[in-house]
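> Have a look at this one.
Just so it is clear, none of the values below were taken in a lab; they were calculated from the coordinates. What you see is a predicted model, and the numbers here were worked out from it, not measured in a lab. All Cβ positions, glycine included, derive from the backbone under ideal geometry; neighbour counts span all protein chains shown.
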Amino acid sequence: MDETVCRRVVVGVSSSQGSLTPLHRAAAEARRIEGELWAVLAWEPPGGELGHRSLPCPPRAAECRSSAGERLCLALDAAFGSGGPGVPLRRLVVRGSPGRVLVETGGREDDLLVVGTGSRRWAHRVLGPSVARYCLAHASCPVLAVPPSPLEKELGAVRRSIIWRLPLDTRELTGPVRPRSGKGEVS
């Protein structure tokens with residue numbers, strides 16, 4: 001193997017909270033293998049490629065690409081802050097369906113492709129294709145499918161309670177209270 005070729009960890013990024021867990025895992029894997037982190041956001045025109053063409057006044061591709069680039073920067077800032085991931089980072093904004101774009105970007109055999117498994121709720125499985133399943137079926141490199149954070153499930157339950165105006169017990173959100181010891185403690 002050529003020593004000048006840098007190992008890559010390719011990770012799919014979206015503007016959802018669910019992409020934060022795969023981003024953190026991909027950065028950890030890039031540190032572990034002393035590789036480069038490639039953060040990829042795939043975008044398509046509003047309505048998809050065919051629907052976009054049928055619009056009376058479709059938005060320009062440059063505007064859509066610019067918007068996707070902004071979403072990528074926001075997602076990376078949300079995941080890593082101003083300090084960055086601590087490994088060399090390459091940001092890619094690519095036009096196309098997410099699964100296909102990720103498989104093509106992580107096309108080398110020594111790449112590692114990291115994807116989130118997304119929501120496991122039946123409505124999401126029925127309404128949209130799974131990017132993780134597409135990548136697992138078509139990638140020529142190893143694929144690491146990262147499940148959602150348990151905290152994401154809890155936050156979803158809180159959001160639903162708020163939307164449906166259900167009673168919310170905030171004591172469940174704070175976790176167990178541990179007694180503190182030491183000077184300056186107020187009883």
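> For the stretch 15-32, what does the Karplus curve 6.51 cos²θ - 1.76 cosθ + 1.60, with θ = phi - 60°, yield as ³J(HN,Hα) per residue in whole Hz, taken in order and with x for Gly and Pro?
8, 8, 5, x, 7, 5, 5, x, 4, 5, 5, 5, 5, 5, 5, 5, 5, 4
> Right, here's the next one. Highest mean first, what order results for 16-29, 86-99 on Cβ atoms within 10 Å?
Result, highest mean Cβ count within 10 Å first: 16-29, 86-99.
> Could you tell me which of rounded, prolate or oblate describes the stretch 72-123, using a ≥ b ≥ c as the square roots of the eigenvalues of the alpha-carbon gyration tensor, with rounded for a/c under 1.5 and, failing that, prolate when a/b is larger than b/c and oblate otherwise?
oblate
> Grab the beta carbon distance between residue 44 and residue 158, set R0 = 30 Å, and tell me the FRET efficiency rounded to 0.05. Working shown, then result.
Working: r = 31 Å, r/R0 = 1.04.
Calculated transfer efficiency: 0.45.
> Still on this model: Once phi is turned into θ = phi - 60°, what whole-Hz ³J(HN,Hα) does the Karplus curve with 6.51, -1.76 and 1.60 give for every residue of the stretch 109-116, x standing for Gly and Pro?
Whole-Hz 3J(HN,Hα) from phi for the stretch 109-116: 5, 8, 6, 10, 9, 10, 9, x.
> Once amide H atoms are built 1.01 Å from N in the peptide plane, which residues 5 or more positions from residue 38, or in another chain, come under 5 Å H to H?
Amide H neighbours of residue 38: 9, 10, 11, 90.
> Still on this structure, I have one more. Using per-residue counts of other Cβ atoms within 10 Å, averaged over each peptide, order 36-42, 159-165, 149-155 from highest down. Intermediate values should be presented prior to the final figure.
Working: 36-42: 22.3, 159-165: 9.3, 149-155: 12.9.
Final packing ranking: 36-42, 149-155, 159-165.
> On to the next question. If R0 is 30 Å, what FRET efficiency do you get for residue 32 and residue 149 from their C-beta distance, rounded to 0.05?
So the FRET efficiency works out to roughly 0.95.
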